[in-house]
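Have a look at the structure below, then the notes.
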Amino acid sequence: MIASRQPNGSAISALRSLLPVLVVLALIALVPLLSPSNRFLSLAISAGINVIALYGLSVLFGQTGILSMGHAALVGVGAYTAAILARDLCTGFWLALPAAALASALFAMIVGIPSLRVGGHHFVIMTFAFGQLLAIVLTNGGDYTGAATGLDLVGPVTLFGADMSDLTRYYLMVVAFVAAAAVASWAIINSPYGRTLRAIRENERLAASLGINVGRHKIGAFVVSGIFAGISGVLLAHFLGHISPTQFASFPSIYLALMVMIGGARLIAGPLAGGILVAFLPEVLNLDPVQSRIVYGVCLIAVILLLPEGLIAGVGQVFRRLLASGQPKQEREELDTASTTPSEVRR
Amino acid sequence: MSPILEIRGLSKRFGGVTALSGVDLAIEEGEILGVVGPNGSGKTTLFNVVTGVHMPSGGSVSFRGRDITGLKPHAISRAGIGYTFQQAMAFAGLRVLENVQIAGEHVRVNAGASHHPWPTPLALLDFVGLAALADERAGVLPFGSLRLLGLALALASRPALLLLDEPAAGLNDRETAALVGLVRQLPGHGITVCVIDHDMKLMQMLCRRLAVLDFGSKIADGPTGAVLADPKVLDVYLGGDL
Ligand SMILES: Nc1ncnc2c1ncn2[C@@H]1O[C@H](COP(=O)(O)OP(=O)(O)OP(=O)(O)O)[C@@H](O)[C@H]1O
Ligand SMILES: [Mg+2]
């Protein structure tokens, strides 16, 4: 009896987490009906492209518990792959997608193997260093990478003969990609593989004692996040039509980490919320770049201190607290006492 | 029959500290072997070296005739050696059932395992008496239940040999009695057990054979009664509660 109850319950609750995201995305796809400004569409496209990378980052950080501070570099590898393939082989958008996903995944593996070996907080520093290194390599790559000026990418994006370069169509295509990224990330989270990643996040030693190859799975999670980043990079390159090294250096990486933390890395709605919020906050509050950096910083500190599971989980908690007062608080107290295990009895 | 685990000349040094020096120990298939010794005598280190947490400084370990010295922890787990930690632990943020599910997903069925098919995660929870808590987050479990969950996790990894490091530490009398009942059943299910504990009453209930460590060396090994009467062992526990 118990056996049949549990899987059903978890399958339904798993779907329940995805549905609101898809509904919101469907609503977002209707926005062009309100004939928004080009500026709005551009901003939304950039946000969506970030959200795709964020879904990869949520697998890495939210599920596996490892933070990449050089994630924009993986996006950059995807973007440069698209631009170089378009220039040298006249490869279009659709062929660039798998190629870039592969390139970013490979780059993630090359970065991940030495970085995850050192483990823990060093991984953060290693990914940061590799991000910087990539920017330096791209800047000094001569004509091949276009050096500091970067590369232009010309050529239309077509889908079933339709030109997708038009802003509204590109917007819709990005929304579709975001939906695909959300579903992919959701499928990973709710698979046995996702469970394995969470086990590693919770306790590496215990995971290893149960036959989990911790090192290989960590690299695997980084590679998976690289695939999302590579696809995000192709969309970015084709959207901007021009890419340069600084777009993929430390600041964009920090922004990606910040977005996933603000939105909440463990929930399927988190990356979407974080990406939209960080993109539109300066717009809504009418902030200049310096001010917006300050606001982001304050937001991040506030989220880490007040809503460690991210904005979405925090808002959900507040709602539950309002609906059933007292209940969530009690839960928290139980958790706190459980984390302090009694000291070993010695004789 | 050859032993299921054979430890030969095993040594481990941590900088200047010699935690193990030249330990020989054989665990026979189907037995419950006890390992005792004062605090810091190297018992946990013995398990840590066998399970691949630490590289040995010397010596070898073979499991069912296969040399497993220096293999990684996950490889040793997959070979068929399960273990629980002296510090009870679980995947605190995940549900109890999810904990056990994970534990069973990464091991191939052991050649030596007598159970086909291996009990389901829920059956294992039922075995350790935690089925009613299957939907709880492991982090909210009281300490005694956490220890039992640790046992269920190790069992889910389909071990042919199970190493238990102070499984009764921190348990009350009722929980300890339940644990004894569970562990005694394991050999009947094809699981050989090696258990560390300071509680001699518990060890007398569980083990027909005891090995004693002192300062990293094995000083006695034999039938429980004889070992506990051994003057060398009494000497080690001088003033203790033997
Ligand atoms: N990782 C380590 N680094 C350095 N020294 C260690 C390490 N692990 C154990 N030791 C040392 O090795 C010796 C044996 O420790 P071990 O934990 O194996 O003892 P034990 O018999 O399990 O003791 P207890 O009954 O207290 O659990 C001790 O002196 C301890 O300080
Ligand atoms: Mg110990």
Inset, instruction - Can you work out which of the residues in the range A:187-215 that are in contact with a Ser or Thr (Cβ under 7 Å, 6 or more places away or on another chain) and more than 8 Å from chain B (Cβ to nearest Cβ) is surrounded by the most Cβ atoms within 10 Å (Cβ to Cβ)? - result: A:Leu197
Legend entry - All positions within the range A:298-327 that are touching a helix residue (DSSP H, G or I) at 6+ places or on another chain (Cβ under 8 Å), exposed (fewer than 15 other Cβ atoms within 10 Å of the Cβ) and not basic (Lys, Arg): A:Ile304, A:Leu306, A:Gln327
Inset, instruction - May I ask you to list the residues in the range A:238-260 that are surrounded by 20 or more Cβ atoms within 10 Å (Cβ to Cβ), farther than 15 Å from A:Val51 by Cα and not aromatic (Phe, Trp, Tyr)? - result: A:His238, A:Ile243, A:Ser244, A:Pro245, A:Gln247, A:Ala249
Legend entry - Only listed residue being in contact (Cβ under 8 Å) with a residue 40 or more places away in the chain, more than 21 Å from A:Gly215 (Cα to Cα) and open to solvent by less than 10 Å² (accessible area, probe 1.4 Å), chosen from B:Gly37, B:Gly22: B:Gly37
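Conditions tested, residue by residue: (1) surrounded by 14 or more Cβ atoms within 10 Å (Cβ to Cβ); (2) assigned to a helix (DSSP H, G or I).
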| position | (1), (2) |
| --- | --- |
| A:Ser115 | yes, yes |
| A:Val124 | yes, yes |
| A:Ala148 | no, yes |
| A:Gly155 | yes, no |
| A:Thr168 | yes, yes |
Inset, instruction - Go through (1) more than 9 Å from ligand 1 (Cβ to nearest atom); (2) crowded, with 20+ Cβ neighbours inside 10 Å; (3) not in a strand (DSSP E or B) and name the single condition B:Tyr83 misses. - result: (3)
Legend entry - Of all residues in the range A:182-227 being over 19 Å from the mean Cα position of the chain (by Cα) and outside any helix (DSSP H, G or I), the one that is nearest to B:Leu146 (Cα to Cα): A:Asn203
Inset, instruction - Could you tell me which numbered condition B:Ala19 fails, if it satisfies all but one of (1) away from ligand 1 (no atom under 11 Å from the Cβ); (2) more than 14 Å from chain A (Cβ to nearest Cβ)? - result: (1)
Inset, instruction - Could you check, for the range B:96-103, whether at least one of its residues is acidic (Asp, Glu) and either within 13 Å of ligand 2 (Cβ to nearest atom) or surrounded by fewer than 18 Cβ atoms within 10 Å (Cβ to Cβ) (or both)? - result: no
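Consider B:Gly170 carefully, then state whether it is more than 16 Å from ligand 2 (Cβ to nearest atom) and either outside any helix (DSSP H, G or I) or free of Cβ contacts under 8 Å to residues at least 24 places away in the same chain (or both).
No; evaluated as a whole, the condition is false for this residue.
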Legend entry - B:Gly30 being closer than 20 Å to B:Val195 by Cα and within 13 Å of ligand 1 (Cβ to nearest atom): no
Legend entry - Unique match (being within 30 Å of A:Thr196 (Cβ to Cβ), small (Gly, Ala, Ser) and touching a Lys or Arg at 6+ places or on another chain (Cβ under 7 Å)) among B:Gly59, B:Gly70, B:Gly52: B:Gly52
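The values are calculated or read from the model by the stated rules, or taken from the named source; none is laboratory data. Quick caveat: nothing in here was measured; it's all calculated off a predicted structure. All Cβ positions, even for glycine, are placed from backbone atoms using ideal geometry, and neighbour counts span all protein chains on display. Keep in mind that these areas ignore ligands, DNA and RNA; they rest on the heavy atoms of the full protein, side chains included. Shrake-Rupley method; radii C 1.70, N 1.55, O 1.52, S 1.80 Å.
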